[in-house]
Structures are given as structure tokens and as C-alpha cells.
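*Asks:* I have a structure I would like to understand better, so I am pasting it below and will then ask my questions one at a time.
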Amino acid sequence: MREEISAGGVVIFGNAILLLRRYNGDWVLPKGKVEKEEALHQAAIREVYEESRARVEVLAYLGEIHYSYRDCWKEEVINKTVHWYLMKAKNMDCIPLKKEGFIEAQFIHMNRAAEFAKYRDERDIIQKAIRQFKQLL
Ligand code: ATP
């Protein structure tokens, strides 16, 4: 069993949220592994940029989610924690980074973003981000 820590963002511009589509069709939030001695929020900003080229600033910490999966190559179970940040994009520029496994990057209206997202825990974090964002306005 191995522990893995990632960080990512619910990136908002205007009334839309950035979602990425994987090659298999799943819509997910941008995220990735935290590097050694890297702050969680910096990892989140870096991963958003690496996966979508979106330039962002962090508004707030949203919380963490946990899931487990089996790494088929190494035949081990990974216990994963993902830390999420509410982020504001500087503009709507984004592109899907193919080498990161994405074929589409889109800002989707807040009212519909959660229903696009593949995973229940990401849908919950999107809803939380929308609530917090509205309180900041
Ligand atoms: P990272 O983006 O953190 O580098 P990764 O791309 O290596 O991660 P994950 O996105 O964690 O890997 O996916 C590994 C496995 O976990 C896949 O089988 C995926 O379907 C599943 N998975 C990904 N996100 C979630 C989630 N939010 N909830 C449950 N299972 C998930």
C-alpha cells in the first residue's frame, strides 16, 4: 500500500468552471502529484498550468478528498489524498495538454459543471467551490 498526495483547482472565470476531458471521455478537474518540498497550493497552481496552460490565482482552500485505486503495473493499492483550491483564472485562455492525457479543456457554466464531472467527490468539491465563490462576491 502506498500513499499519494495530489493538489488541484476548481478554476473559475466569470460564471464558468474549467474542466478537462480525458482521452476516455471523462471530464475531470485539473490536478496532479505534489512534489517533494512543494507547498500544496503551489503544486495546485503548477498542475493547473501544466494540464491546461490556465494562469490562476488561489482564492481559498476547499478541502481534501480521498480514494483508493490499484496500480496495475506495480500491483499495489494506492491511497490517494487530493487537496483542492478555489482559484480564479486571469482569462479564459486554456488548452488541453495532450501529453498529460487531455483532449479538451473548457470553461463550463457553473450551473452545469458539476453534472459534467465524472467523479462524485469532484462534483461535491465543485458545488462547495461555487458556494464559497458566491460568498466572496
Ligand atoms: P494525478 O492527476 O494526481 O497525477 P493520476 O492521473 O496518476 O493522478 P488519478 O487521476 O488519481 O491518477 O487516477 C487513478 C485512478 O483513480 C483511476 O482509475 C481513476 O479512474 C481513479 N480516480 C481518479 N479520480 C478519482 C476520484 N476523484 N474519485 C475516485 N476515483 C478516482
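Okay, residues lined up against (1) of a type outside the set (Val, Ile, Thr); (2) open to solvent by 50 Å² or more (accessible area, probe 1.4 Å); (3) closer than 20 Å to Ala44 by Cβ:
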residue: Asp71; (1), (2), (3): yes, no, no
residue: Glu75; (1), (2), (3): yes, yes, no
residue: Asn79; (1), (2), (3): yes, no, yes
residue: Asp93; (1), (2), (3): yes, yes, yes
residue: Pro96; (1), (2), (3): yes, no, yes
residue: Ala114; (1), (2), (3): yes, no, yes
residue: Glu122; (1), (2), (3): yes, no, yes
residue: Arg131; (1), (2), (3): yes, yes, yes
residue: Leu136; (1), (2), (3): yes, yes, yes
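*Asks:* I'd like to know if the stretch 65-86 contains one or more residues that are part of a helix (DSSP H, G or I), within 14 Å of the ligand (Cβ to nearest atom) and among the polar types (S, T, N, Q).
*Replies:* no
*Asks:* Against the definition (open to solvent by 60 Å² or more (accessible area, probe 1.4 Å), more than 16 Å from the ligand (Cβ to nearest atom) and in contact (Cβ under 8 Å) with a residue 12 or more places away in the chain), how does Arg2 come out, yes or no?
*Replies:* So Arg2 fails the test.
*Asks:* From the residues in the stretch 98-112 that are more than 12 Å from the ligand (Cβ to nearest atom) and in a strand (DSSP E or B), which one is surrounded by the fewest Cβ atoms within 10 Å (Cβ to Cβ)?
*Replies:* Among those that are more than 12 Å from the ligand (Cβ to nearest atom) and in a strand (DSSP E or B), it is His109.
*Asks:* Kindly evaluate Glu47 against the criterion of being open to solvent by less than 20 Å² (accessible area, probe 1.4 Å), modelled with pLDDT of 95 or more, within 14 Å of the ligand (Cβ to nearest atom) and not in a strand (DSSP E or B).
*Replies:* yes
*Asks:* How many of the residues making up the stretch 8-32 are more than 11 Å from the ligand (Cβ to nearest atom) and crowded, with 18+ Cβ neighbours inside 10 Å?
*Replies:* Number satisfying all stated conditions: 11.
*Asks:* Please determine whether any residue of the stretch 113-125 is part of a strand (DSSP E or B) and touching a helix residue (DSSP H, G or I) at 6+ places or on another chain (Cβ under 9 Å).
*Replies:* There is at least one residue in the stretch 113-125 that is part of a strand (DSSP E or B) and touching a helix residue (DSSP H, G or I) at 6+ places or on another chain (Cβ under 9 Å).
*Asks:* Go through the stretch 33-44 and give me each residue that's over 20 Å from Ala113 (Cα atoms) and touching a residue at least 24 places away in the same chain (Cβ under 8 Å).
*Replies:* Lys33, Val34, Leu40, His41, Ala43
*Asks:* Go through the stretch 12-44 and give me each residue that's part of a loop (DSSP other than H, G, I, E, B) and closer than 23 Å to Gln132 by Cα.
*Replies:* Gly14, Asn15, Leu29, Pro30, Ala39
The values are calculated or read from the model by the stated rules, or taken from the named source; none is laboratory data. If you're wondering where the values come from, they're calculated on a predicted model, not measured in any experiment. Positions of Cβ are generated from backbone atoms using ideal geometry, with glycine treated the same way; all protein chains shown enter the neighbour counts. Please note that ligands, DNA and RNA were not included when accessible areas were found on the heavy atoms of the full protein model with its side chains. Shrake-Rupley method; radii C 1.70, N 1.55, O 1.52, S 1.80 Å.
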